[in-house]
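Reading through the C-alpha coordinates given below for one structure.
The values are calculated or read from the model by the stated rules, or taken from the named source; none is laboratory data. In this text the structure is predicted, and so the values were computed from the model without any measurement. Note: ideal-geometry Cβ built from the backbone for every residue, glycine included; neighbour counts use all protein chains shown. These accessible areas exclude ligands, DNA and RNA; they are computed on the full protein's heavy atoms, side chains included. Shrake-Rupley method; radii C 1.70, N 1.55, O 1.52, S 1.80 Å.
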Amino acid sequence: MSTLKGKILAGKVLVKPETAEEKTASGIFIPDSAKEKPLKGKVVMTGAAKKDEPMEVKSGDMVFFGKYSGTELNIDSEDYLLISQNDILYIA
(Lines give C-alpha, C1' and ligand atoms only; values in the text may rest on other atoms or scores of the structure.)
Protein backbone atom coordinates (compact mmCIF):
# COMPACT_ATOMS: atom_id res chain seq x y z
CA MET A 1 0.00 0.00 0.00
CA SER A 2 1.40 3.37 -0.98
CA THR A 3 1.48 6.33 1.36
CA LEU A 4 -1.72 8.30 1.07
CA LYS A 5 -1.54 12.01 0.47
CA GLY A 6 -4.25 14.37 1.58
CA LYS A 7 -6.06 15.39 4.70
CA ILE A 8 -9.10 14.00 6.49
CA LEU A 9 -11.60 16.49 7.92
CA ALA A 10 -12.34 16.75 11.63
CA GLY A 11 -14.30 13.87 13.11
CA LYS A 12 -13.80 11.60 10.08
CA VAL A 13 -11.87 8.32 9.84
CA LEU A 14 -10.48 6.58 6.74
CA VAL A 15 -10.78 2.78 7.08
CA LYS A 16 -9.43 -0.05 4.92
CA PRO A 17 -12.26 -2.62 5.10
CA GLU A 18 -11.40 -6.29 5.41
CA THR A 19 -12.04 -8.39 2.33
CA ALA A 20 -15.32 -10.29 2.14
CA GLU A 21 -15.26 -14.02 2.84
CA GLU A 22 -14.58 -16.10 -0.28
CA LYS A 23 -16.00 -19.35 1.08
CA THR A 24 -17.92 -20.67 4.07
CA ALA A 25 -16.47 -22.71 6.92
CA SER A 26 -17.72 -25.88 5.23
CA GLY A 27 -15.88 -25.00 1.98
CA ILE A 28 -18.73 -23.68 -0.17
CA PHE A 29 -17.61 -20.77 -2.39
CA ILE A 30 -19.71 -17.62 -2.08
CA PRO A 31 -20.59 -15.84 -5.36
CA ASP A 32 -19.94 -12.08 -5.61
CA SER A 33 -23.66 -11.31 -5.62
CA ALA A 34 -24.13 -13.01 -2.23
CA LYS A 35 -21.10 -11.58 -0.40
CA GLU A 36 -21.90 -9.32 2.51
CA LYS A 37 -20.22 -5.98 3.00
CA PRO A 38 -17.46 -6.28 5.64
CA LEU A 39 -18.32 -4.66 8.98
CA LYS A 40 -14.78 -4.22 10.27
CA GLY A 41 -11.55 -2.71 9.06
CA LYS A 42 -8.24 -1.11 9.95
CA VAL A 43 -7.95 2.65 10.50
CA VAL A 44 -5.58 4.20 7.95
CA MET A 45 -5.94 7.94 8.70
CA THR A 46 -7.89 10.11 11.11
CA GLY A 47 -8.95 13.71 11.03
CA ALA A 48 -8.48 16.17 13.85
CA ALA A 49 -10.71 16.06 16.90
CA LYS A 50 -13.90 18.10 16.85
CA LYS A 51 -14.33 20.98 19.29
CA ASP A 52 -16.24 19.02 21.95
CA GLU A 53 -15.42 15.48 20.82
CA PRO A 54 -11.92 14.00 21.21
CA MET A 55 -10.63 11.63 18.52
CA GLU A 56 -10.67 8.23 20.21
CA VAL A 57 -9.25 6.12 17.38
CA LYS A 58 -5.77 6.18 15.88
CA SER A 59 -4.09 4.74 12.81
CA GLY A 60 -3.70 0.97 13.06
CA ASP A 61 -6.78 0.37 15.24
CA MET A 62 -9.19 -2.39 14.17
CA VAL A 63 -12.74 -1.02 14.28
CA PHE A 64 -16.26 -2.36 13.79
CA PHE A 65 -18.86 -0.12 12.14
CA GLY A 66 -22.50 -0.21 11.03
CA LYS A 67 -23.62 -1.97 7.85
CA TYR A 68 -24.63 1.22 6.02
CA SER A 69 -21.96 3.52 7.48
CA GLY A 70 -19.74 5.83 5.50
CA THR A 71 -18.86 6.49 1.90
CA GLU A 72 -16.89 4.09 -0.28
CA LEU A 73 -13.80 5.63 -1.90
CA ASN A 74 -11.27 4.29 -4.38
CA ILE A 75 -7.88 5.96 -3.88
CA ASP A 76 -4.88 4.77 -5.95
CA SER A 77 -6.90 1.64 -6.93
CA GLU A 78 -7.43 0.69 -3.28
CA ASP A 79 -10.89 0.57 -1.69
CA TYR A 80 -11.46 2.58 1.48
CA LEU A 81 -14.40 3.67 3.59
CA LEU A 82 -14.67 7.23 4.93
CA ILE A 83 -16.79 7.19 8.07
CA SER A 84 -17.63 9.50 10.91
CA GLN A 85 -16.15 8.63 14.29
CA ASN A 86 -19.77 8.43 15.56
CA ASP A 87 -20.41 5.47 13.21
CA ILE A 88 -17.72 3.36 14.91
CA LEU A 89 -19.33 0.81 17.20
CA TYR A 90 -16.31 -0.91 18.73
CA ILE A 91 -12.51 -0.55 18.80
CA ALA A 92 -10.66 -3.88 19.01
Exercise for the section: Assuming R0 = 30 Å, can you tell me the calculated FRET efficiency for the pair residue 29 and residue 68, based on Cβ-Cβ distance, to the nearest 0.05? Expected result: 0.70
Problem - residue 90-residue 16 pseudo-label distance in nm [points 7 Å out on the Cα-to-Cβ vector] - result: 2.2 nm
Practice task
On the full set of protein chains, 1.4 Å probe, figure out the accessible area of residue 76 and give it in Å² to the nearest 10.
Solution key: 100 Å²
Completion exercise
For the range 41-58, in residue order, the Karplus 3J(HN,Hα) values (coefficients 6.51, -1.76, 1.60; θ = phi - 60°; whole Hz; Gly and Pro = x) are x, 9, 6, 9, 9, 10, x, 5, 6, 6, 3, 10, 9, x, 7, 9, 10, 9
Handout entry: Cβ-placed point charges (K, R +1; D, E -1), dipole of the chain about Cα centre in debye, nearest 20
Key = 260 debye
Completion exercise
GNM of the chain, Cα pairs under 10 angstrom: of 72, 53, 18, the biggest fluctuation goes to 53
